[in-house]
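Participant: Take this structure first; my questions come after.
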Amino acid sequence: MPRKSNWIVAAIAAVACGALLWAWFALGFNHVGDPLDLIVAIVWWLAVAAVGPFGAYGSEA
């Protein structure tokens, strides 16, 4: 049986996802002004995800 702390973390993550999804629509980020902006954002976050593990502390592991 999973530990109680795992369920607490999962509940906090679920609430945070709901809050961020609400904010996304409330702030109007679901409207794309130029499709190129979306492509640039996706490429940017893929680059961040790829470099992340090799960041400031990646070489110490």
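Participant: So what J values fall out for region 12-20 if you push phi through Karplus, 6.51 cos²θ - 1.76 cosθ + 1.60 with θ = phi - 60°, rounded to Hz, Gly and Pro as x?
Facilitator: 5, 5, 5, 5, 5, 4, x, 5, 5
Participant: Can you work out the FRET efficiency for the pair Ala26 and Ala47, with r the C-beta to C-beta distance and R0 = 22 Å, to the nearest 0.05?
Facilitator: 0.20
Participant: Show me, for region 26-40, the HN-Hα J-couplings you get by feeding each phi into the Karplus relation (A = 6.51, B = -1.76, C = 1.60, θ = phi - 60°), rounded to Hz, glycine and proline as x.
Facilitator: Result, ordered by residue: 5, 8, x, 6, 7, 9, 9, x, 9, x, 4, 4, 5, 5, 4 Hz.
Each value in this text was obtained by applying a stated rule to the coordinates, not by laboratory testing. Note that the structure is predicted; figures quoted are calculated from it, not measured. In this analysis, Cβ positions are derived from the backbone assuming ideal geometry, glycine residues included, and neighbour counts consider all displayed protein chains.
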